[in-house]
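Below: the structure, in C-alpha cells.
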Amino acid sequence: MRGKVSRRTVFAFIGPAVIGLAMVGIAPLLYAGWTSLHFFNLTKLRRVKFIGLDNYESVLTDPVFWEAMGRTFALLGTALPLQIVFGLGIALVLHQPRLSLLKTLTRLSLVLPMATTYAVVGLLGQVMFNQKFGVVNQLLGGVNVNWIGDPNNAFIMIIFWDVWQWTPFVALVLLAGLTMVPVEIEEAARLETRKWWTVLRYVQFPYLVPGLVAILILRTADTLKLFDMVFTLTRGGPGSSTEFISLMIQRVGFRGFDQGLASAQAIILLIITIVLAQLYIRAFYKEV
Amino acid sequence: MSGNRRGQVWGQAAVLVLILLLCVFPFYWMVTTSLKTHVVALEAPPVWIFEPTLENYREALFEDGVLLTLINSLIIAVVTTALALALGVPAAFALARFDFRGKRDLWFWFITNRMVSPIVLALPFFLIARNLGLLDKHVTLILIYLTFNLPIVIWIVTDQFRGVPYDLDEAARLEGASQFRIMRSICLPLAMPGVAVSAIFSFIFSWNELMYGLILTRNDAKTAPAMAVSFMEGYNLPYGKIMATSTLIVIPVLIFALLASKQLVRGLTMGAVK
C-alpha cells in the first residue's frame, strides 16, 4: 500500500524544489556549456563568436591547466594521508575507555576547525605564518622562515592548514566507525591479544572501510573545490605555486577575462565531479 | 601493574589535551590579535601579554562598515535558509513517503550539487546576473546559495521523515486527511529536530561562503567574508582589524556548530556515515 499516490501529488510536493534547483543549478550550467563553445572575452564582448571545441582543445593541450591539476592532486596526495594517519590516531585515543569528561571536551573542540569560515582560516594564516610577527616562527624556536613569500614553503603552509582544518573531520568519521564494532567482539579480541595493531587490523578495520571510502571521495571533491582559504592566504602565489584548479579557473575567467576558456575548464571539472558523485552514490545509497 | 595503568591514563590525558590545544589555539590567537593595537599587533616576535583594547572592533564595525556587511550576511543566510526549508521539506516528505520513478537520479543530482566546485556555477551566474542587472543584489546570493542548501536540507529532512512511523500516516488517512495535512500536522512536528539541524547547516554554509560573495557583490550586498578579504589590499595591513572582523564572522558559526555537533559528521557526509 505504502507510497501509492497520484503523479500529481508527487509533483505537488517535489516539483517546487526540482524547478528551483533546476533554475539555479542547471540553467547556468547550460549557459556555461554555450559559453565554452564560443570565443567569449569580457573585454571584447562585441567579438563573441562560435568556435566549436577550440576552447576544449586549448584546455587539454594547455600546460597551465595540467599543472594546476597536478598541484591539486599533489595537495590531496600529501594532505589526505596525513589526515588519515592523525585522524585514526585521534579516533583510537577517543575510543579508549575512561576520562569521559576530557574526551567530551576534546570531541567538541574537534568540531571547531571544520566549521570555521574558510576565508577566516586563510586570514588567520596571514597573521600566524607572517615571517616577522607570526607566532608560528616564534613557536618553532624563533626561526626566520618565509612561509608566504616562498613557493615551496607556501605549499607546505597550505598543506598544514588543510590538515589542521580537516583532520578533525576524518577523526570523527573514523570514530563513528570504531563505535560500530560490537562490544562483545572487540572484548573477545582483546582477551586474545594485547597488540592494539592486531585488533585494529583484523577486528576494527572492516568497520572503518565505509568511512574511509567516504573520506576519500569527499576530500577529493573538496580539494577540487578549494578556493576561499587559499585565495585569502596566497591568491595562488607566489608565482603559481599554490594555484589549485578552482583558483586557476577563477583567474582565467575573472582576471584574464576569458570566459570561454574558463567555462571549458569548468565543464571538465564538472565531469570529474559527476564521476565522483556517481562513485559516492554507488557506495552509499544502494537502497534508495 | 597499577603504576603502569596510571601511566597509561596520564599518557592518554596528555594526548587529549594536546589535540584540544591544537584545535583551539588558532582561535585564541585570532581573538588576542583582535584585541591588540596596530602597533602591538606588528611587534616581532609577537607578544603574548599586552593591554587589550576594543578599538579594532569599534573601527571595523562603525567606521569601515563591517556592521552593514554582517547584516547583509545575516539577511542572505536567513532568507536562503527559509527558502531552502520551504522548498526542501515537502520534497523530503515525497522522497520519504512516496514511490516514484527517478528517485535515484534525484539523489545523484543532489550529491553532484553538494560536490561541485562553486567556480563552475560562478562563471555563468556572473554573466546571467550581469545581463539581468542582478549584480550586487541580495536576491542573487539568496538564489545561488540554494544550490548547496537545498540538497543538504532535503537529505537531512528525508532521513528524519523516514524515522517517523508510517502507521501514523495510515491512521490519519483513514480519518480522511490529505497528504499535505499528514505532512504538516503529523510528520513535521515529529521531524522538527532534523529540520532544525538542516537549518543550522544551511545557515553555516551560507554564512561561510566567500567566492560567490566576492564575484557577485560590490557594495550594497557585500557579505562579511568578502569585506574581511577587502582589508587585505595595500601595504600596511590592519591585522588587528582583520582579526576583529574574523572573530565577529566566526562566533555565530562556532556556536551553531557546537549545537549541531552530534549531527555534523552525518550531515557533512550526506548520511554515508551514521
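We did not get these values from a lab; they are worked out from the coordinates using the rules stated. Please read all numbers here as calculations on a predicted model, not as lab measurements. Methodologically, a virtual Cβ is constructed for each residue, glycine included, from the backbone with ideal geometry; neighbour enumeration extends over all protein chains shown.
Table for the structure above
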quantity	calculated
Kirkwood hydrodynamic radius of the stretch B:95-161, Cα pairs, Å	13.6 Å
Whole-Å distance, taken between Cα centres, linking the stretch B:182-208 and the stretch A:1-72	29 Å
For the stretch B:173-274, the fraction of alpha-carbon pairs in successive 5 Å shells from zero, as %	2, 10, 15, 14, 14, 12, 11, 9, 5, 3, 2, 1, 1, 0, 0
Leading residue at positive end of dipole, the protein assembly as shown (Cβ point charges), from B:Trp48, B:Ile111, A:Thr78	B:Ile111
From phi via Karplus (6.51, -1.76, 1.60), per-residue ³J(HN,Hα) for the stretch A:98-103 in Hz, x at Gly/Pro	6, 6, 5, 5, 4, 5
Simple label model, 7 Å out from Cα along Cβ direction - A:Val48 to B:Phe62, nm	4.7 nm
Per residue, the convex hull volume that the Cα atoms of the stretch A:70-150 enclose (Å³)	140 Å³
Residue mean of other protein chain beta carbons inside 10 Å, A:126-132	5
Debye equation applied to the C-alpha atoms of the stretch A:203-244, log10 I(q)/I(0) at 0.17 Å⁻¹	-0.58
Total formal charge among the other residues, if their Cβ is under 12 angstrom from that of A:Leu261, Lys/Arg +1 and Asp/Glu -1	-3
B:Ser230 paired with A:His95, simple spin-label distance in nm, labels 7 Å along Cα-to-beta-carbon	4.9 nm
Cα-based Kirkwood hydrodynamic radius, the stretch A:158-288, one decimal, Å	17.8 Å
FRET E, pair B:Leu135, B:Leu18, Förster distance 60 Å, beta-carbon r, rounded to 0.05	0.80
Between 0 and 90°, nearest 10: helix A:205-225 axis offset from chain A longest Cα axis	30 degrees
B:Gln8 versus A:Ile156: modelled label distance in nm, points set 7 Å from Cα along the beta carbon direction	3.7 nm
Extended-chain gain in nm, criterion 0.36 nm per residue less alpha-carbon gap, A:Gln278 and A:Trp34	85.4 nm
The stretch A:47-139: trypsin sites (Lys or Arg not before Pro) in DSSP coil with no more than 12 other Cβ atoms inside 10 Å	A:Arg98, A:Lys132
Of every Cα-Cα pair in the stretch B:1-123, the percent that sits beyond 26 Å	63 percent
C-alpha long axis of helix A:27-36 to longest principal axis of chain A, angle in °	60 degrees
On Cα atoms only, tilt of A:63-95 relative to the major axis of chain A in degrees	20 degrees
Dipole moment magnitude, nearest 20 debye, the stretch A:1-141 about Cα centre, only Lys, Arg, Asp, Glu C-beta charged	700 debye
Listed residues B:Arg101, B:Arg162, B:Arg114, most fluctuating in chain B (Gaussian network, C-alpha, under 10 Å)	B:Arg101
Ellipsoid semi-axes in whole angstrom, largest first, where each is sqrt(5λ) of the Cα gyration tensor of the stretch A:36-83	34, 12, 8
Radius 15 Å from Cβ of B:Met232, net charge of other residues (Lys, Arg +1; Asp, Glu -1)	0
Value in Å of the Kirkwood radius, where the stretch A:54-287 supplies the Cα pairs that are averaged	19.9 Å
Ellipsoid semi-axes in whole angstrom, largest first, where each is sqrt(5λ) of the Cα gyration tensor of the protein assembly as shown	36, 35, 24
For A:Gly236, net neighbour charge (Lys/Arg +1, Asp/Glu -1) across residues whose Cβ lies under 12 Å away	+2
Unit charges on C-beta of K, R, D, E only; dipole of the stretch A:54-287, Debye	720 debye
Cα-based equivalent ellipsoid, chain B: semi-axes from gyration tensor eigenvalues, Å	40, 30, 16
In order through the stretch A:109-121: 3J(HN,Hα) via Karplus (6.51 cos²θ - 1.76 cosθ + 1.60), integer Hz, x for Gly, Pro	5, 5, 6, 5, x, 6, 8, 5, 3, 3, 4, 5, 4
At least 15 Å along the helix axis (C-alpha) and Kyte average at least 1.0, DSSP helices within chain B	B:66-97, B:118-131, B:192-208, B:239-259
Under Karplus coefficients 6.51, -1.76 and 1.60, residue-wise ³J(HN,Hα) of the stretch A:227-243 in Hz, glycine/proline x	9, 3, 5, 6, 4, 6, 8, 10, 6, x, x, x, x, 10, 5, 10, 8
